[in-house]
Amino acid sequence: MVRSIPAAAPSLGAEERDAVDRVLRSGMLAQGPEVAAFEQEFAAIVGGRTVVAVNSGTSGLHLALLAMGIGPGDEVIVPSFSFAATANAVALVGATPVFADIEPEHFCLDPAAAAAVVTPRTAAIMPVHLYGHPAAMDELNALATRHGLAVIEDACQAHAAALHGTPVGAFGKTAVFSLYPTKNMTSGEGGMVVADDPAVVRKLRLLRNQGMEKRYDNEIVGFNNRMTDLHAAIGRVQLGKLAGWTARRQANAAFLDANLAGADVVTPPVAAGATHVYHQYTVRVTEDAFAGGRDGFAERLAERGVGSGVYYPVPIHRLPSFRLDLDLPETERAAREVLSLPVHPQLSDADLKTVAEAVAGK
Ligand SMILES: *Cc1c(COP(=O)(O)O)cnc(C)c1O
């Protein structure tokens, strides 16, 4: 059996094991000093804003919406071309996700499409920095200002991405990062909510911990969405490696850009002023360019020992959980054509060559 190059691979080493061991030996496993330190350290990649650690990116999106007072009767504009959690969080607070189409270059929320679905009930816009490429925040923030809407960034795939030098996480009223194992850095499971309004920060902390600031003095009805010190200890080690990994992802992407010219795929362009962190390196495979279409192309790669992934084959609005009849042509086309190639920092130079040759059909 030939070794297959995986589409994603978390990197966990001796430092992560030592960090977990340090917490185990301390005997204090729940949210404590490691979480506090992790929140402080994570602020460095979001322009110094306040960070509230939670137990997943999904919890983070859920609490961010609640902390901003979004609920029943409100509409939140989201892309349908994302992971289901983006829209689920909106539905979970009793608000209505309103799906808008994406722009075809970077697969992110199209500001014009978002503008077209604003109504008097629209409370917020939730752009997703999909695949690690920042959404069009200048236009989306302008739209939000024009209509008095809040912006919540779903930055779950975009740790350390930036636009015109401003890091993602520093654009919206709140922003949320995921620390799931396949993301650019992990804590096992976890999420980071970023905010700068002290009232929102306080509400996030209350909601995370049973509505308590002072023990047994529960002010509001809250959740247990705390991160453990075990997870935070892993996350702190990974945060220290993020810059190196990101540079590696970018170098790998540059290699693929240079070596896939002329192949049957459309390589991912980067917007002017954008720093893409390549959570995924996602190409388009059109029916015209490759007879078997995207799925046939993925099979050809698999035969050559190259893993790939489709994120996401079914737009959220068509999932059984939502099942809406909407006309989102760029979303539908992306769902048919996208294929993510290995770009993660564990790839060797030989792996990269194998990926490029497999894509070229060699
Ligand atoms: C991973 C992800 C989430 C959810 O994060 P979890 O930590 O898995 O709950 C939300 N939105 C997007 C775009 C994601 O990629």
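Every number in this text was worked out from the coordinates using simple rules, so none of it is lab data. No experiment lies behind these values; they were computed from the predicted model shown. As a convention, Cβ positions derive from the backbone with ideal geometry for all residues, glycine included, and neighbour counts pool all protein chains shown.
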**Request:** Would you mind getting the Kirkwood hydrodynamic radius of the stretch 1-147 from its Cα pairs, rounded to one decimal in Å?
**Result:** 18.0
**Request:** Provide THR96, THR58 in ascending order of the number of other Cβ atoms located within 10 Å of each residue's Cβ, fewest first.
**Result:** THR96, THR58
**Asked** Amide H to amide H under 5 Å from LEU163: which residues, 5+ apart in sequence or cross-chain, H placed 1.01 Å off N in plane?
**Response** VAL168, THR275
**Request:** Starting at the first residue of the stretch 322-329, write each ³J(HN,Hα) from the Karplus equation 6.51 cos²θ - 1.76 cosθ + 1.60 with θ = phi - 60°, in whole Hz, x for Gly and Pro.
**Result:** 10, 6, 10, 9, 10, 9, 10, x
**Message:** Let's test the formula: R0 of 56 Å, r as the Cβ-Cβ distance of ASP197 and ALA291. What FRET efficiency results, to the nearest 0.05?
**Reply:** 0.55
**Prompt:** Can you list the residues, at least 5 places off or on another chain, whose amide H is less than 5 Å from the amide H of VAL151, using H built in the peptide plane?
**Reply:** ILE125, LYS173, THR174
**Item:** Unit charges at the beta carbon, dipole of the stretch 4-151: most positive-side option, ALA8, LEU130, ILE70
**Value:** ILE70
**Prompt:** Per-residue HN-Hα couplings for the stretch 140-148, Karplus 6.51 cos²θ - 1.76 cosθ + 1.60 at θ = phi - 60°, whole Hz, x for Gly and Pro?
**Reply:** 5, 5, 5, 4, 4, 5, 4, 10, x
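Mind checking the full-extension length gain between SER26 and VAL221? Use 0.36 nm per residue of separation minus the Cα-Cα distance, one decimal, nm. Numbers along the way, then the final one.
Numbers: separation 195, 0.36 × 195 = 70.20 nm, distance 3.10 nm.
Contour length minus Cα-Cα distance gives 67.1 nm.
May I ask for the Kirkwood hydrodynamic radius of the stretch 242-359, worked out over all distinct Cα pairs and given in angstroms to one decimal? Please report the intermediate quantities before stating the final value.
Working: mean 1/r = 0.0654 Å⁻¹.
Answer for the stretch 242-359: a Kirkwood hydrodynamic radius of 15.3 Å.
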**Message:** At a 10 Å Cβ-Cβ cut-off, how would you order LYS362, LYS183, fewest neighbours first?
**Reply:** LYS362, LYS183
**Prompt:** Between SER321 and VAL270, 0.36 nm times their residue separation minus their Cα-Cα distance comes to what?
**Reply:** 15.1 nm
**Request:** For the chain, count the residues as N, evaluate 2.2 N^0.38 Å, and divide the Cα radius of gyration by that value, please.
**Result:** 0.99
**Fill in**
Residue span ASP349 to LEU92: 0.36 nm per residue of separation minus Cα-Cα distance leaves a gain in nm of 88.1 nm
**Request:** Using the Karplus curve 6.51 cos²θ - 1.76 cosθ + 1.60 with θ = phi - 60°, work out ³J(HN,Hα) for each residue of the stretch 349-362 in order, rounded to whole Hz, and write x for Gly and Pro.
**Result:** 4, 5, 4, 4, 5, 4, 4, 4, 5, 5, 5, 6, x, 8
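What order do you get for MET137, MET192 when you list them from fewest to most C-beta neighbours inside 10 Å?
On the way: MET137 24, MET192 29.
In increasing order of surrounding Cβ atoms, one gets MET137, MET192.
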